[in-house]
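We did not get these values from a lab; they are worked out from the coordinates using the rules stated. Since this is a predicted model, take the numbers as computed values, not measurements. Here the Cβ is made from the backbone with ideal geometry for all residues, glycine too, and neighbour counts use every protein chain on show.
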Ligand code: UT7
């Protein structure tokens, strides 16, 4: 029996139209009596702008156009998909999953266009905060390799603007909204070469939204809390280790990597990771300046950006790396 692998057949992404520059944030915070500056944000994070969704726009609303773009790029339709996984920490509802909502919206769209829907295929969310897309891609790869699916839509979608505390200047300037997606399909050639996932719950408190739902109400604080420096130090350390793990599993060297596409949280973390792996910055896709930190959406957004602007090409070796709340981290190494 030939071995089954998975490979990325198409990518897509979507950003809500409202672009908010650092100058806009300075004005927004000044109105609240809070001081920040474009210089501070650029120097400490590399971020120049982010996109915010309108109040009535949900994660699934961002996920659907990203998914449609990925389907188109892969040359398939919704009816060809037999698995939907959405990585998100800002789901439309407590339940059901955002993935089921995305599945339904894609079906409705396909039917309205005279096509065939996708009702019946498995759909579920993955919650691993900024590592969510790496977790989702790893699960989809394993399901395809096992024969449990043939063609998956793997999406990262976030409306982090909903959980930002605009009275906390140390976090509110960092995050943005958006969605990215890939179509991952079965192949007799790899595709995905190696994956690596980790979590360490002792660090729950350094990046969390501590509120919870009880009796139909949110109890506790529903807004994001972060110890930025603790996250920063852990991130640089674990990203290097995880990169080395997938390279070793696949029998590859650092110098074999054509593109490093890390979670886009902070340019200084990204530069530190590249330095440790002895990769020039020219081998890294960087979108943090335009998108801010879009959590689970950031890696597929950056991947799609790199593919569409001609940087990342078919046949190249790509390393994706995620890190975030939990604490969670991981990597996926693949040939595009
Ligand atoms: O997606 C999950 C992963 N998350 C991350 O990767 C975030 C990781 N952490 C970071 O990116 C950085 O730690 C931050 C960007 C969050 C902060 O940068 P930093 O260099 O660690 O700054 P800091 O927290 O040490 O703060 C330095 C100073 C402080 O003032 P004092 O105490 O030195 O007077 C802050 O109050 O900068 C001040 N500060 C600000 N000043 C202007 C903090 N936020 C702001 C702000 N504008 N927005």
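Summary table below
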| read-out | value |
| --- | --- |
| Subset tally (residues that are out of contact with any helix residue (DSSP H, G or I) (no Cβ under 8 Å at 6 or more places or on another chain) and not in a helix (DSSP H, G or I)) for the range 112-130 | 5 |
| One residue from 183, 159 being more than 16 Å from the ligand (Cβ to nearest atom) and closer than 27 Å to residue 288 by Cβ | 183 |
| Pick from the range 280-293, criterion more than 11 Å from the ligand (Cβ to nearest atom) and assigned to a loop (DSSP other than H, G, I, E, B), ranking: nearest to residue 179 (Cα to Cα) | 287 |
| Residues satisfying the stated conditions in the range 62-99, i.e. without any contact (Cβ under 8 Å) to a residue 24 or more places away in the chain and out of contact with any helix residue (DSSP H, G or I) (no Cβ under 8 Å at 6 or more places or on another chain) | 95, 96 |
| Residue in the range 60-78 that is in contact with a strand residue (DSSP E or B) (Cβ under 9 Å, 6 or more places away or on another chain), within 28 Å of residue 25 (Cα to Cα) and surrounded by fewer than 19 Cβ atoms within 10 Å (Cβ to Cβ) present | yes |
| Count of the range 131-149 residues which are within 10 Å of residue 185 (Cα to Cα) and touching a helix residue (DSSP H, G or I) at 6+ places or on another chain (Cβ under 7 Å) | 1 |
| Check on residue 94, in contact with a strand residue (DSSP E or B) (Cβ under 7 Å, 6 or more places away or on another chain) and surrounded by fewer than 17 Cβ atoms within 10 Å (Cβ to Cβ) | yes |
| Scope the range 204-232; condition assigned to a strand (DSSP E or B) and within 10 Å of the ligand (Cβ to nearest atom); matching residues | 207, 226 |
| From 103, 3, residue being surrounded by 14 or more Cβ atoms within 10 Å (Cβ to Cβ) and either closer than 30 Å to residue 332 by Cα or in contact with a helix residue (DSSP H, G or I) (Cβ under 9 Å, 6 or more places away or on another chain) (or both) | 103 |
| Matching entry among 235, 265, 296 (being under 21 Å from residue 88 (Cβ atoms), within 16 Å of the ligand (Cβ to nearest atom) and in a loop (DSSP other than H, G, I, E, B)) | 265 |
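Matching residues to (1) assigned to a loop (DSSP other than H, G, I, E, B); (2) under 18 Å from the mean Cα position of the chain (by Cα):
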site	(1), (2)
269	no, yes
272	no, no
275	no, no
278	yes, no
300	no, yes
304	no, yes
318	no, yes
326	yes, yes
330	no, yes
